[in-house]
Amino acid sequence: MKLDRLPPLNALRAFEATARHLSVKEAADELCVTPGAVSQMLKALELHFGTKLFHRINRGMVLTPAGQSLTPPVRNAFRQIAEASRRIAADPGTGPLTISTTPFFAGAWLVPRLKQFHDAHPDIDLRVVTGTALADFGRDGVDVAIRHGFGHYPGLRSEHLVAVEVVPVAAPALLASLGRPKDAAGLAHWPHVHDSERKAWQRWFQAQGIEEFSAPRGPSFDDSGLMLQAVLAGQGAGLLPAAMIEVDIAEGRLVQLANVALLEDFAYFLVYPETSRARPRVAAFCAWMREVAAAFRQAA
């Protein structure tokens, strides 16, 4: 076998389906061919590699070590082809550009500025969807995501946009139970409500000059709205965006425990696959986001 000669594509499709079902008949049904056709393609593939890919046992079949080795790369290759095909079909230069972000960021920051984007790019319609988990770009049809945290998203490009002021707050009932802390060090012994990466409180204490902060305990959430609900329920002190809780503080549902702080690395990030950078509509949205984020930082 020449090393540069690829196996027949149809035979690889038959192999992947058979490996998934461990059944020639079920693979044939999925591929809309006869079991005999699948068997012939598997024989051709085994001849191509010069080794058995399946063992037939008691009316069933199992993968040989060679078949087990071949399955993951073949399955991954077909998955990548399917994702690329979906993107090509879904992005002919028209149709909405799908942006995934958290509910709080969408309502408080993005939506009020969207007219600026439309004025600059009247040919691009945006579709904004909200959620807390990072989008699956291949499966969910999302083009760009905006998430809050420390920007660690393996396999994806992550760009720092804006950091927002955060303020430590607690419910009045918790304050009545524990007493108001005299300083930041006193707050270190309180129960805490955490971000999903459980690092924001540690960064906040470091910013106050307190390096010794015990391992964080308490619930963690991947959305500021959920953190707010936990803090209101008295589950611990929380670090929340100042703009998000102004009304709750003013109306007495929350008590501010210390001054606001700006944690630069705990911020909103623009997240997207590296391969999307060359797509004109994605590039246009990302360039606009960088521009309005820079204006926001300068105004702040």
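The values are calculated or read from the model by the stated rules, or taken from the named source; none is laboratory data. Computed from a prediction, not measured in an experiment: that's the story for all the values here. Backbone-built Cβ (ideal geometry, glycine too); neighbour counts: all protein chains shown.
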Residues being over 19 Å from residue 224 (Cβ atoms) and of a type in the set (A, V, I, L, M, F, W, C) - total across region 157-189: 8
If only one of 206, 229 is among the polar types (S, T, N, Q) and either touching a Gly at 6+ places or on another chain (Cβ under 9 Å) or at pLDDT 90 or above (or both), which one is it? 229
Could you list, ordered by first residue, the pairs with Cβ atoms under 6 Å in which the first is in region 58-74 and assigned by TED's automatic domain parsing to the domain that holds residue 43 and closer than 20 Å to residue 26 by Cα and the second is surrounded by 15 or more Cβ atoms within 10 Å (Cβ to Cβ) and among the aromatic types (Phe, Trp, Tyr), at least 6 apart or interchain? 61/54; 67/54
Helices (runs of 4 or more DSSP H) fully within region 89-196 counting 3 or more residues that are within 12 Å of the chain's Cα centre (by Cα): 137-140
When the residues of region 224-264 are filtered to those that are of a type outside the set (S, T, N, Q) and within 22 Å of residue 100 (Cβ to Cβ), which remaining residue is surrounded by the fewest Cβ atoms within 10 Å (Cβ to Cβ)? 243
Please indicate, with yes or no, whether at least one residue in region 259-274 is assigned to a helix (DSSP H, G or I) and touching a residue at least 60 places away in the same chain (Cβ under 8 Å). yes
Only one of these conditions is not met by residue 44: (1) over 25 Å from residue 79 (Cβ atoms); (2) without any contact (Cβ under 8 Å) to a residue 40 or more places away in the chain. Which number is it? (1)
Sort out which residues of region 118-135 are surrounded by 12 or more Cβ atoms within 10 Å (Cβ to Cβ) and modelled with pLDDT of 90 or more, and write them in order of number. 118, 120, 121, 124, 125, 126, 127, 128, 129
